[in-house]
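**Student:** Would you mind keeping the following structure in view while I ask a few things?
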Amino acid sequence: MEQTKKPEKPKYGALSNIAFTIKNILRIDKVLLASMIALVFCMVAQPVVGVLMPKFIIQFFEEGRDIASLLLLVAVFGVTSLVLGQLRSFADGYFPRMKSMYRSMRLGAEMCLASMQVDYKHLSSEKGQLENRKAQRAISSPREGVEDIVVRIVECSANLLGAVVYIFILSTLNPLVILVLAVCGAVSYFAGNLVNRYIIKHKEEVNKVEQKTYSASASTGDVMYAKDIRMYGMFDWLASLLRKYNDENILWQNRILLRMFFSEVADGVVAFLRDGFAYLYLISLVLAGTIPVSQFILYIGAIAGLSSWISGFAKNAIQLNTASIQVSDFRVFLEKSEEHTKGDRQQREFSLPMQIEFRHVDFSYGEHVIFQDFNVVIERGRKVALVGINGAGKTTLVKLLLNLAEPDRGEILLDGVDSREVDLKQYFSQFSVAFQDALILAYGMDVNISMRNSRDTDQARVDAAIESAGLTKKVKELKKGKFTSCEKYLDNEGTELSGGERQKVILARALYKAAPVLVLDEPSAALDPIAESRLYETYHEMTKNKTSIYISHRLSSTKFCDEVLLLDGGRIAERGTHNELMRLCGTYAHMFDIQSHYYREEGGEPA
Ligand SMILES: Nc1ncnc2c1ncn2[C@@H]1O[C@H](COP(=O)(O)OP(=O)(O)OP(=O)(O)O)[C@@H](O)[C@H]1O
Ligand SMILES: [Mg+2]
């Protein structure tokens, strides 16, 4: 259904975005700017030569000049055309490649840098995600956003300059003619702009449909989904989804095309009336003997030219406006990445091991309240097990601690210092984390552990982390040992890791970093019993002189921690050692009993 929601006004207007683009081109690639100027010059000069040449040649005949000066004139025009043609082919050849590189490589690279620097809290929010998608779109196609605005700047400049030159040529004519032409141009602009306004008004809806189409079609070819598609017979359902989204997409495109058709018809009618008026008027001047034929030729050429400059400007200005909105989106995202360096965060001195405190913390995901007046202190060097049912908020608590989510109220203190006051880089360096959903990169295992270039990796530390994480045997089996790529994506000789092996790499990554606080979120979920028990045995060694948080649903794993925190209903409902909580006979004891029930039934006492 068509909606009438008013579109949000872009933060930056067209003029500001033109200035931004030119400044960027000047900074990044001066030769691109030179090719733009050459192109504008040629786009105007070539038709001017084309309009002037027949006028002067006929004028020579009218004035009965000698053949030698006529040949000289033709030679001058010929050489000028040749030079202009050469300049144009240089600009035509250079400009498309350079503008494409400007977008995809230069601004694309800046977008990547910005994406890595933008505050995680913002990036992971709904607003941040939307801003990110809009900025991505602005740099993803040559026909849109940051690249299209370059084309439109060139086109609009040529149209404007051309119009000025032609108005000068026509200046001896009745000003009414120029007025009529300007009015015709304005009508074309408004007809075209109606289409543009319609596109802008429904941009979000069209984007949404395109996004749905993209996500449905991307899943069809992704190996990640391939197993489920086959095993769960998802073909019909996905095919009908694709059809549905495609139909919606086509419907929107048809609505736009229909409006474009009417705008083109209006444009055609205006052009017909305009040219008819010009011809009639000029013929009447020739018949009345007011102007010679050579002047008629010049004026006819100039009027047709001026009309096309004006209507060209009208069309390009509309497209420039559309591209400018996307450039504004791009700038907004870039600015967000610069914001993280602002503020009064400072380097701090910490005394180790670290103490962690949550003080009166409130936190919600939208309407969904996770913590309300949440308080907890984890003493220096404590090994804490954090348990709770699915969705209790364990991962959220870790995100808050890591400064990856912001409390709505209250404070999170690291060694007594408010986390919001610490320099972010320094703050992040205090934590070694194994995330529940961590990614493995398509690089060597050593790089996946150090998370930096192989050259800058301390290989001795990698070896130690591999040993502690129980990966030594696996590494020995690999063709290139720890330098084997963990995905086949970039390297045919790469390996595919099993779920448990991936988890071990993620653990090794946290161990390599060796930060004062170790946070492991479900580190043993995919481990076999031998690997799991090995982890328990070495945990004490891993956490020496560190404060640590160990999140797990395997309650037996809490036995090697100093204390257990049970998260329930947004608060620490129970706290103590495993034995203390068992004696309490509360939720923890109940959960533990349920989990160990089957082990007991099968083989007596639980481990
Ligand atoms: N980015 C998010 N946006 C909205 N809701 C979220 C988001 N992340 C988590 N939640 C919700 O917050 C609640 C707590 O999630 P969290 O991931 O912290 O649970 P958890 O205790 O780690 O669970 P699990 O044991 O399954 O890992 C869940 O109900 C979840 O649906
Ligand atoms: Mg979790």
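Rule-based calculations on the coordinates, nothing more; no lab input. Predicted, not measured: the structure shown is a model, and the values here were computed from it. Glycine also receives a Cβ, built like all others from the backbone with ideal geometry; neighbour counts cover every protein chain displayed.
**Student:** Could you size up the charge dipole of the chain around its Cα centre, putting +1 on the beta carbon of Lys and Arg and -1 on that of Asp and Glu, and report it in debye to the nearest 20? Write out the running numbers ahead of the final one.
**Tutor:** Numbers: 71 positive and 71 negative charges, 249 e Å.
Dipole of the chain, to the nearest 20 debye: 1200 debye.
**Student:** OK, next. Give me the dipole magnitude in Debye, nearest 20, for segment 517-561 about the Cα centre, with unit charges on the beta carbon: positive for Lys and Arg, negative for Asp and Glu.
**Tutor:** Magnitude of the dipole: close to 180 debye.
**Student:** Right, here's the next one. Restricting to DSSP loop positions (anything but H, G, I, E, B) with no more than 16 other Cβ atoms inside 10 Å of their own Cβ, which chymotrypsin sites (Phe, Trp or Tyr not before Pro) remain in segment 439-530? Present the calculation step by step, with values, prior to reporting the outcome.
**Tutor:** On the way: sites: TYR443, PHE483, TYR489, TYR512; in loops: TYR443, TYR489.
The qualifying sites are TYR489.
**Student:** If you don't mind, another one. I'd like the per residue volume of the convex hull spanned by the Cα atoms of segment 14-339, given in cubic angstrom.
**Tutor:** Spread over its residues, the Cα hull of segment 14-339 gives 165 Å³ apiece.
**Student:** Give me, ordered by chain and number, the residues 5 or more places off ASP568 or on other chains with an amide H under 5 Å from its own placed amide H.
**Tutor:** ALA573
**Student:** Here's a follow-up. To the nearest Å, what is the center-to-center distance of segment 419-459 and segment 195-263, using C-alpha atoms only?
**Tutor:** Using only Cα atoms to place each centre, the spacing works out to 37 Å.
**Student:** Antiparallel DSSP bridges in the chain: what percent, to the nearest 5?
**Tutor:** 55 percent
**Student:** Under 5 Å between amide H atoms, partner at least 5 residues away or on a different chain: which partners does ARG409 have, H built in plane at 1.01 Å?
**Tutor:** Counting only residues 5 or more places away or on other chains, the set is ASP362.
**Student:** Under the Karplus relation 6.51 cos²θ - 1.76 cosθ + 1.60, θ = phi - 60°, what is the ordered set of whole-Hz ³J(HN,Hα) values for segment 116-131, x standing for Gly and Pro?
**Tutor:** Rounded to whole hertz, the list is 7, 9, 4, 3, 4, 4, 6, 4, 7, 6, 4, 5, x, 4, 5, 4.
**Student:** Continuing with the same structure: Can you give the net charge of the other residues whose Cβ lies under 13 Å from the Cβ of ALA19, counting K and R as +1 and D and E as -1?
**Tutor:** Summing Lys and Arg as +1 and Asp and Glu as -1 gives +3.
**Student:** Within the P(r) computed for the chain, what percentage of the Cα pairs occupies the region above 50 Å?
**Tutor:** Numbers: 63809 of 183921 pairs.
The answer is 35 percent, as a whole percent.
**Student:** Another question, if that's okay. Points 7 angstrom from Cα along the Cβ direction at GLU421 and VAL76: gap in nanometres?
**Tutor:** That separation, rounded to one decimal, is 7.9 nm.
**Student:** Across segment 108-259, how many lysine pairs, 8 or more apart or on two chains, come within less than 20 Å at their alpha-carbon atoms?
**Tutor:** 14
**Student:** So for the pair GLU126, LEU251, with labels modelled 7 Å out along Cα→Cβ, what separation do we get in nm?
**Tutor:** For the pair GLU126/LEU251, the computed spacing is 2.4 nm.
**Student:** Below 8 Å between Cα atoms, with a sequence gap of 6+, how large is the relative contact order for segment 161-250 in percent? Please list the in-between numbers first.
**Tutor:** On the way: 22 pairs, mean separation 24.0, N = 90.
Once divided by the residue count of segment 161-250, the mean separation gives 27 percent.
**Student:** Give the angle, between 0 and 90 degrees and rounded to the nearest 10, that separates the Cα long axis of helix 529-542 from the longest principal axis of the Cα atoms of the chain.
**Tutor:** Approximately 90 degrees, to the nearest 10.
**Student:** Over the chain, what is the relative contact order in whole percent, taking alpha-carbon pairs under 8 Å and six or more residues apart? Can you show the working numbers first?
**Tutor:** Details: 785 pairs, mean separation 89.7, N = 607.
Result for the chain is 15 percent.
**Student:** While we're here: Would you mind pulling out the separation of the Cα centroids of segment 283-321 and segment 72-117, in Å?
**Tutor:** Segment 283-321 and segment 72-117 have Cα centres spaced 28 Å from each other.
**Student:** So what's segment 221-298 giving for Rg/Rh, alpha carbon basis, Kirkwood Rh from the mean inverse pair distance?
**Tutor:** 1.60
**Student:** Would you pull out the residues with amide H under 5 Å of VAL422's amide H, same chain only if 5 or more places away, H placed 1.01 Å from N?
**Tutor:** When sequence neighbours closer than 5 places are left aside, the close amide H contacts are GLN346.
**Student:** How much FRET efficiency would the formula 1/(1 + (r/R0)^6) give for GLN347 and VAL269, where r is the Cβ-Cβ distance and R0 is 60 Å, rounded to 0.05?
**Tutor:** E(calc), rounded to 0.05, equals 0.30.
**Student:** Tell me, in nm to one decimal, what length is gained between ALA438 and VAL223 on full extension, where the rule is 0.36 nm per residue of separation less the Cα-Cα distance? Can you show the working numbers first?
**Tutor:** Values: separation 215, 0.36 × 215 = 77.40 nm, distance 1.89 nm.
Fully extending the segment from ALA438 to VAL223 adds 75.5 nm.
**Student:** Right, next: Separation of segment 550-589 and segment 352-393 by C-alpha centroid, Å?
**Tutor:** That distance is 14 Å.
**Student:** List the lysines whose Cα sits under 29 Å from the Cα of LYS559, skipping any in the same chain fewer than 8 residues away.
**Tutor:** Excluding near neighbours in sequence, the set is LYS383, LYS394, LYS399, LYS473, LYS474, LYS504, LYS513, LYS544, LYS546.
**Student:** Can you tell me, using C-alpha contacts under 8 Å and at least 6 residues apart, the relative contact order of segment 14-339 as a whole percent? If you can, show how the numbers build up before the last one.
**Tutor:** Working: 286 pairs, mean separation 113.8, N = 326.
Here the relative contact order equals 35 percent.
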